[in-house]
Amino acid sequence: MKHFLAFVAVIFSCLTVFYFYRDDGQASADYTSLKVYGSGSFIGSWGPGPKLKEVFEKQTGIKITYLEMSDPALVFQKISFEGNQAVGDVILSLDQYDIARSADKLTWKTIESKTSFNLPENLKELEKMEQFKAYDWAPIAFVSRDDLKVTIEKLDDLLKPELKGRIALEDPRTSSPGLNFLAWIYKVKPEAEADSFVKQLMVQAHSFSPSWSGAYGLFKNKQADIVLSYATSPVYHLVEEKDSHFTAIEFKEGHPIQVEFAGVPDSCINCDAGVRFVQFLQTPEAQKIIMEKNYMFPMVKSVQEGTAFDGVKNFKLLPFKIEMKEQLQKWLGTWSELRKNEG
């Protein structure tokens, strides 16, 4: 019996040590550091990431390590698979389509906003979101040079013969602006009419690039006369290149809105710091950095006062909403089928 009791005591001791010192990513966590996922354009040397890191670290003493992500869905899947072993306290560079299609793979922390906003009525829904916090936004719009000879006032004008082969678009399967444009078509046109319009675009467009940068490069190289981009894109040319010859075209139907978000997954290690960092992104100081590097509108409107962003025309906006995953899949399925038949 003594041997048995001694054996039980040893097992109990081992289990106790394992419980308190197991390597599940929690016991060995460094709560003076923060792991943050973001797109290359956000965390790269030309994006807002480095300056945000510098300011946050100075304010809090918490060190940030950026982790580059090319596809949020793959990051969500990775974190879901790794569970308690997952690395990543904050995920940046999410848009409404990432949230609609993939965010349910994880559970997320509730985050209280600490900043007051003065948003357009069409964006008031953002103030109600508790798990994903927006840090910038912009209307989707077509951009041209100011010497464009074709009058464009509505979506149907994109089918004018003068524009055949002169429109740079993005593939909605791989590009967020491209998907936003596809949703735009189906939001303002009856389904059958939208299907017909998309079919005609297949032969009208110059190309459907995999990314925004690919499409914009064609436009910059004058291989296209107009490009699907953002209403704020001309501000970049004005500020960075001192070139005022670029313009965003207003459409009578109204414009969809692209919004970028940050969230903290429940698998976080330094969760409190993660929440704090997301709240920091909405402060006026961080908003100014994001606006000046991302060339999107800030959530805090006062930040743009007296800057080139004040000169951007107030386009008519379509209501913002997080689309149903099933609806997006249906639109993409139709697009892929039409593309296959035309390609």
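Net charge within 12 Å of ILE185 by Cβ-Cβ distance, Lys/Arg positive one each and Asp/Glu negative one each, not counting ILE185 itself? Don't skip to the answer; put the middle values down first.
Details: positive: LYS154, LYS187, LYS189, LYS199; negative: ASP156, GLU191, GLU193, ASP195, GLU253.
Charge balance in the 12 Å sphere: -1.
Would you kindly state how much longer the chain becomes between LEU238 and GLU191 on full extension, computed as 0.36 nm times their sequence separation minus their alpha carbon distance, in nm to one decimal?
Numbers: separation 47, 0.36 × 47 = 16.92 nm, distance 3.86 nm.
Extra length available between LEU238 and GLU191 comes to 13.1 nm.
I'd like the FRET efficiency for THR174 and LYS222, computed as 1/(1 + (r/R0)^6) with the beta carbon distance as r and R0 of 25 Å, rounded to 0.05.
Values: r = 24 Å, r/R0 = 0.96.
In this case the efficiency is close to 0.55.
Do the alpha carbons of any pairs in LYS51/LYS105; LYS35/LYS316; LYS293/LYS313 sit beyond 27 Å of each other, and which pairs? Mind dumping the intermediate values first?
On the way: LYS51/LYS105 31 Å; LYS35/LYS316 38 Å; LYS293/LYS313 20 Å.
As for pairs spanning more than 27 Å Cα to Cα, those are LYS51/LYS105; LYS35/LYS316.
What fraction of the DSSP beta bridges in the chain is antiparallel, stated in percent and rounded to the nearest 5? Don't skip to the answer; put the middle values down first.
Numbers: 22 of 36 bridges.
In the chain, DSSP labels about 60 percent of beta bridges as antiparallel.
Calculate the FRET efficiency for GLU68 and ASP157 from the Cβ-Cβ distance with a Förster distance of 51 Å, rounded to the nearest 0.05.
Working: r = 39 Å, r/R0 = 0.76.
Efficiency computed from Cβ-Cβ geometry: 0.85.
Figure the gain on full extension for THR115 and TYR31 (residue separation times 0.36 nm, minus the Cα-Cα span) and round it to one decimal in nm.
Working: separation 84, 0.36 × 84 = 30.24 nm, distance 2.50 nm.
Result: 27.7 nm gained on full extension.
Whose amide H sits under 5 Å from the amide H of GLU253, counting only residues 5 or more places off or on another chain, with H placed in the peptide plane?
Amide H to amide H, under 5 Å and 5 or more residues apart or across chains, GLU253 pairs with LEU155.
Place a point 7 Å from Cα of SER207 in the direction of its Cβ. Which residues in the stretch 142-176 have their backbone N less than 11 Å from it?
Zone members listed by number: 168-169.
Determine the gain in length on full extension of the stretch LYS128-GLU305; use 0.36 nm per residue of separation and subtract their C-alpha separation, reporting nm with one decimal.
Working: separation 177, 0.36 × 177 = 63.72 nm, distance 2.50 nm.
Full extension from LYS128 to GLU305 adds 61.2 nm.
Net charge within 15 Å of VAL55 by Cβ-Cβ distance, Lys/Arg positive one each and Asp/Glu negative one each, not counting VAL55 itself?
Numbers: positive: LYS51, LYS53, LYS58, LYS63, ARG276, LYS288, LYS293; negative: GLU54, GLU57, GLU285, GLU292.
Summing Lys and Arg as +1 and Asp and Glu as -1 gives +3.
How high is the relative contact order of the chain, given as a whole-number percent (alpha carbon pairs under 8 Å, six or more residues apart)?
Working: 580 pairs, mean separation 90.4, N = 343.
Averaging sequence separation for qualifying contacts and normalising by length gives 26 percent for the chain.
Computed over the Cα atoms of the chain, what is the ratio Rg over Rh, Rh following Kirkwood?
Details: Rg = 23.6 Å, Rh = 22.0 Å.
That ratio equals 1.07.
Considering only the other residues whose Cβ falls under 9 Å of the Cβ of VAL259, what net charge follows from Lys and Arg at +1 and Asp and Glu at -1? Could the numbers behind the result be given before it?
Numbers: positive: none; negative: ASP95, ASP136, GLU260.
Summing Lys and Arg as +1 and Asp and Glu as -1 gives -3.
Between 0 and 90 degrees, rounded to the nearest ten: what's the tilt of helix 176-188 against the longest Cα principal axis of the chain?
Its long axis makes an angle of about 60 degrees.
Report, to the nearest 10°, how far helix 325-342 tilts away from the longest principal axis of the Cα atoms in the chain, using its own Cα long axis and a range of 0 to 90°.
The angle comes out at about 50 degrees.
What residues have an amide H closer than 5 Å to that of ILE226, excluding those fewer than 5 places away on the same chain, when H is modeled at 1.01 Å from N in the peptide plane?
ALA168
Report the relative contact order of the stretch 52-173, percent, no decimals, based on alpha-carbon pairs under 8 angstrom and at least 6 residues apart.
Working: 41 pairs, mean separation 17.6, N = 122.
In percent, rounded to a whole number, it is 14.
Helix-only estimate, please: 222 nm mean residue ellipticity of the chain, summing -39500 (n - 2.57) across DSSP H runs of length 4 or more and dividing by its residues, to the nearest 500.
Details: 12 runs with 138 residues, N = 343.
Helices in the chain give a 222 nm mean residue ellipticity of -12500 deg cm²/dmol.
Just how far, in whole angstrom, is the stretch 251-272 from the stretch 202-248 if you go by their alpha carbon centroids?
Result: 24 Å between the Cα centres.
Values in this text are rule-based calculations from the coordinates and carry no lab data. Note that this is a predicted model, so its numbers are computed, not measured. Heads up, the Cβs are rebuilt from the backbone with ideal geometry, glycines too, and the neighbour counts pull from every protein chain shown.
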